[in-house]
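Worksheet: one structure, shown below.
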Amino acid sequence: MTFMPPVSECLPPVFDRPWRIERPEPILDPAASIGYDELLLQRVLSGASGPVICIRQAPRCLVVTRREARFPHFEAAAETLAGEGWPLMVRCSGGSCVPQGPGVLNLSLVFAKPDGWLLENGYRLLCDLFRRLLADYGLAAESGEVPGSFCDGRYNLQVAGRKLLGTAQRWAGGSRGQSAVLAHACLLVDLDLVEATAAVNRFYRLCGQELQFDPGACTTLRECLGGEASGLLMADLFTRLERLFGEFFD
């Protein structure tokens, strides 16, 4: 498993302007929804906004990286998958293809990059925040790769060996030498993992890639908690997160 540092090494950076929590209304257009993080990043980079915590849901789609958008046959794959109810969207952060939908909770931390801030700091900050959240539900989460899971990485969070949360980052630089960080996490709350993983696998096949993933490598928060109603669970998550933000980012 990936080593997690003490909490004191994962605390969020402190700025002259306070962290602001943003919880936008659902955006029905997938492109506008996925592009919201980029909008926040540019606002912080320009100085128009202080540090932001954004929690939101996105409509059903597959979100790929800019690198994957250069795959052979990408345009044809996008047309096919859109016809099957899985439009392809391109995100600004790293990783690989992930499914989105109402059953996925997205958290973005967007802030000016402090001097000496490392890429690992952003991942550790996300992991520590969500480990606290999951502990509030009685779940012990560990970080590390989960073979067979889509968008696998060292800074997944897993419960009982199955991926529950993925993370990604993007750093952007401005014309005056300033930089901003986008640290993003996707929590699988109540997603049909068989259907979603099949869509991810189909994307790679249509693009002539050999990557294929196992739906059993991931889990959802609803499954971990024994099947609590999805709507109630998502509402409870927002409430607990906002309370945790008050403690963690104070």
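Scan the stretch 14-37 and report the pairs whose first residue is small (Gly, Ala, Ser) and whose second residue is buried (at least 16 other Cβ atoms within 10 Å of the Cβ) and in a loop (DSSP other than H, G, I, E, B), with Cβ atoms within less than 7 Å and a gap of 6+ or a chain change.
Ser33/Ile27; Ser33/Ala58; Ser33/Pro59
For the stretch 1-58, name all the residues that are out of contact with any strand residue (DSSP E or B) (no Cβ under 8 Å at 6 or more places or on another chain), of a type in the set (A, V, I, L, M), modelled with pLDDT of 90 or more and in a loop (DSSP other than H, G, I, E, B).
Within the stretch 1-58, just Ala48 meets the criteria.
Tell me the residue from Leu241, Leu237 that is surrounded by fewer than 20 Cβ atoms within 10 Å (Cβ to Cβ), among the hydrophobic types (A, V, I, L, M, F, W, C), touching a residue at least 24 places away in the same chain (Cβ under 8 Å) and in a helix (DSSP H, G or I), please.
Answer to the selection: Leu237.
Considering Leu182, Leu165, which residue is under 21 Å from Leu211 (Cβ atoms), under 14 Å from the mean Cα position of the chain (by Cα) and in a strand (DSSP E or B)?
Leu165
Being within 21 Å of Glu145 (Cβ to Cβ) and either of a type in the set (A, V, I, L, M, F, W, C) or touching a residue at least 40 places away in the same chain (Cβ under 8 Å) (or both) is the filter here, so list the residues in the stretch 59-90 that pass it.
Val63, Val64, Glu68
Quick check on the stretch 229-238. Is at least one of its residues closer than 19 Å to Val146 by Cα and among the acidic types (Asp, Glu)?
Checking the stretch 229-238: not a single residue is closer than 19 Å to Val146 by Cα and among the acidic types (Asp, Glu).
Out of (1) surrounded by 23 or more Cβ atoms within 10 Å (Cβ to Cβ); (2) touching a Lys or Arg at 6+ places or on another chain (Cβ under 7 Å); (3) not polar (S, T, N, Q), what's the single condition that is false for Trp171?
Here Trp171 meets the rest and fails (1).
Which residue pairs have Cβ atoms under 7 Å apart, sit 6 or more places apart or on different chains, and have a first residue in the stretch 113-124 that is closer than 16 Å to Leu41 by Cα and a second that is at pLDDT below 90 and not aliphatic (A, V, I, L, M)?
Matching pairs, first to second residue: Pro114/Pro13.
Take the stretch 97-113 and flag every residue that is modelled with pLDDT under 95 and closer than 10 Å to Ala58 by Cβ.
Pro102
Is there any pair with a first residue in the stretch 130-141 that is assigned to a loop (DSSP other than H, G, I, E, B) and a second that is among the basic types (Lys, Arg) whose Cβ atoms are under 6 Å apart and which are 6 or more apart or on different chains, and what are they?
As it stands, the answer is Ala141/Arg131, since those pairs meet every condition given.
Considering only the stretch 65-75, I want to know if a residue exists there that is within 14 Å of the chain's Cα centre (by Cα) and either surrounded by 20 or more Cβ atoms within 10 Å (Cβ to Cβ) or at negative phi (or both).
yes
The values are calculated or read from the model by the stated rules, or taken from the named source; none is laboratory data. Keep in mind it's a predicted model, so treat the numbers as computed, not measured. Heads up, the Cβs are rebuilt from the backbone with ideal geometry, glycines too, and the neighbour counts pull from every protein chain shown.
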